[in-house]
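A.B. asks: A single structure is presented below for examination.
The values are calculated or read from the model by the stated rules, or taken from the named source; none is laboratory data. Given the structure is predicted, the values throughout are model-derived calculations rather than measurements. We place every Cβ from the backbone using ideal geometry, glycine too, and count neighbours over all the protein chains shown. Heavy atoms of the whole protein, side chains included, go into the accessibility calculation; ligands, DNA and RNA do not. Shrake-Rupley method; radii C 1.70, N 1.55, O 1.52, S 1.80 Å.
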Amino acid sequence: MTDNKNTDTKSSKATTPSSPKTHATDAPSSDRAAKKTSSSGGRSGIVLGAIAIAIAIGSSGWVFYHGHQQATVLQNTVSAQQAQIARLDQALTQQQQAAKAAREQLEDATSTRLYQQDSSLKSLQKAVAEVKGRRPNDWLLAEADYLIRMAGRKIGLEHDAQSATALMEAADHRIAQLNDPSLMPIRQAMANDITALKAVKRVDKDGIVLRLTSMQQQVKNLPLASAVIPDIEDTQAPVVSESVNDWQTNLTTSLKGFVDNFITYRKRDGNVVPLLSPTQSYYLQENLKNKLDQAMRAVYQGNDTLYHEAIGMAKDWALRFYNQDANATTRFVEQLDALNKQTIGVDLPNKLKSQSLVSDEIDTRLRRDIAPLTGGQS
């Protein structure tokens with residue numbers, strides 16, 4: 001830049017016309033001043049320009065470096081996110097493939113299950129149709145089996161031969177309606193069971209229980225006995241003989257008879273039963289009723305031993321603690337004697353022979369009728 005300025009001054013000097021002399025002396029000084037000014041201004045401009053350039057270069061470098069760092073971080077973040085998205089996309093694709101495979105497998109299993117169930121249902125319908133068309137009266141056999149089982153319960157639990165006989169006759173009527181010659185052995189066994197049940201002695205259990213219930217109500221009207229004192233023993237008074245030789249014995253007898261007129265002694269042997277208190281009489285009535293109640297339960301259970309023990313105990317208490325001269329007590333004891341003569345226990349058959357035969361026949365028919373069903377399922 002200084003070179004340019006010098007050349008410019010030189011050219012200006014060459015082209016400038018000659019001035020008057022008055023100006024000749026000032027020309028050198030102005031030139032020097034201009035040179036100094038131009039040189040100082042050029043140097044400061046150079047410095048300022050250099051500084052500006054340095055600042056511009058520094059700021060540009062800082063901006064470039066900072067932008068490069070941010071771009072690098074942003075690029076790394078984008079790369080990481082893209083990698084994560086790729087992994088998620090891959091996992092989603094695998095899950096979709098697995099879900100699709102599971103759905104297809106479930107659909108295949110469901111279709112197979114439905115097909116099998118449909119086949120089984122058709123086989124069942126076919127078997128039921130065959131059973132209905134082949135043996136429409138087998139329900140009568142099942143009903144007969146139920147009636148026979150009920151008869152067995154009547155015998156085992158209630159000891160009721162009469163009801164069991166009625167149930168067995170109803171079951172025999174059901175089997176007779178089948179009109180099946182193959183069931184003749186079963187009907188023969190049922191006939192034997194019915195004959196055995198009819199041979200059992202009939203006991204009017206309800207009548208006996210009603211009589212015992214009526215006697216329970218009579219207990220409160222029975223009069224209690226008074227104090228019981230044993231009877232005086234009969235003693236014979238000594239007799240004086242007429243023989244002279246028995247004078248000593250006759251003297252002793254006469255003296256003893258004379259003494260007995262002053263002192264009387266009578267001997268009584270036996271237990272003295274005192275009068276009962278109101279509390280004791282109440283307990284006596286309740287215990288007597290309880291014995292009659294035990295006799296009722298024994299009637300329904302068919303326990304002959306327990307029945308006679310309860311009746312005997314009630315009779316013993318009635319004779320000991322109630323007035324035997326009263327008509328109510330006499331009739332009560334007579335009724336107990338009549339009931340004690342009753343036989344409660346009966347010889348019932350332990351088991352009905354026809355029950356097992358009917359059950360076996362039903363099982364055989366069921367296995368035979370369900371055979372088509374088993375073949376259809378396989």
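A.B. asks: Give me the pairs: first residue in the range 318-339 and at positive phi, second residue open to solvent by 60 Å² or more (accessible area, probe 1.4 Å) and not in a strand (DSSP E or B), beta-carbon distance under 7 Å, and six or more apart or on different chains, which are they?
C.D. replies: Qualifying pairs under 7 Å: none.
A.B. asks: Is it the case, given these coordinates, that THR213 is open to solvent by 40 Å² or more (accessible area, probe 1.4 Å), in a helix (DSSP H, G or I), more than 29 Å from ASP363 (Cβ to Cβ) and out of contact with any helix residue (DSSP H, G or I) (no Cβ under 7 Å at 6 or more places or on another chain)?
C.D. replies: yes
Conditions tested, residue by residue: (1) surrounded by 10 or more Cβ atoms within 10 Å (Cβ to Cβ); (2) modelled with pLDDT under 85; (3) more than 30 Å from ASP180 (Cα to Cα).
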| site | (1), (2), (3) |
| --- | --- |
| SER38 | yes, yes, yes |
| ALA71 | yes, yes, yes |
| LEU74 | yes, no, yes |
| LEU106 | yes, no, yes |
| TYR115 | yes, no, yes |
| ASP118 | yes, yes, yes |
| SER123 | yes, yes, no |
| GLY152 | yes, no, no |
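Here's the yes/no breakdown for (1) at pLDDT 75 or above; (2) among the polar types (S, T, N, Q):
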residue: LYS198; (1), (2): yes, no
residue: GLY207; (1), (2): yes, no
residue: SER214; (1), (2): yes, yes
residue: VAL239; (1), (2): no, no
residue: THR252; (1), (2): yes, yes
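A.B. asks: Another question about this same structure. Give the residue that is most open to solvent (accessible area, probe 1.4 Å), with candidates limited to residues of the range 158-182 that are of a type in the set (A, V, I, L, M, F, W, C) and farther than 30 Å from ARG297 by Cα.
C.D. replies: ALA176
A.B. asks: Closer than 30 Å to LEU352 by Cβ and either of a type in the set (Val, Ile, Thr) or at pLDDT below 75 (or both), is that true of VAL219?
C.D. replies: No; evaluated as a whole, the condition is false for this residue.
A.B. asks: Could you list, in sequence order, the residues of the range 290-330 that are among the hydroxyl-bearing types (Ser, Thr, Tyr), loosely packed, with under 15 Cβ neighbours inside 10 Å and within 14 Å of GLN218 (Cβ to Cβ)?
C.D. replies: THR330
A.B. asks: Go through the range 194-208 residue by residue and tally those that are part of a loop (DSSP other than H, G, I, E, B) and open to solvent by 90 Å² or more (accessible area, probe 1.4 Å).
C.D. replies: Total satisfying the criteria: 3.
A.B. asks: Can you find a residue that is at pLDDT 85 or above and not small (Gly, Ala, Ser) anywhere in the range 261-282?
C.D. replies: Within the range 261-282, one or more residues are at pLDDT 85 or above and not small (Gly, Ala, Ser).
A.B. asks: Just one of (1) out of contact with any Lys or Arg (no Cβ under 7 Å at 6 or more places or on another chain); (2) under 19 Å from ASP347 (Cα atoms); (3) open to solvent by 50 Å² or more (accessible area, probe 1.4 Å); (4) in contact (Cβ under 8 Å) with a residue 12 or more places away in the chain trips up PRO185, so point out which.
C.D. replies: (2)
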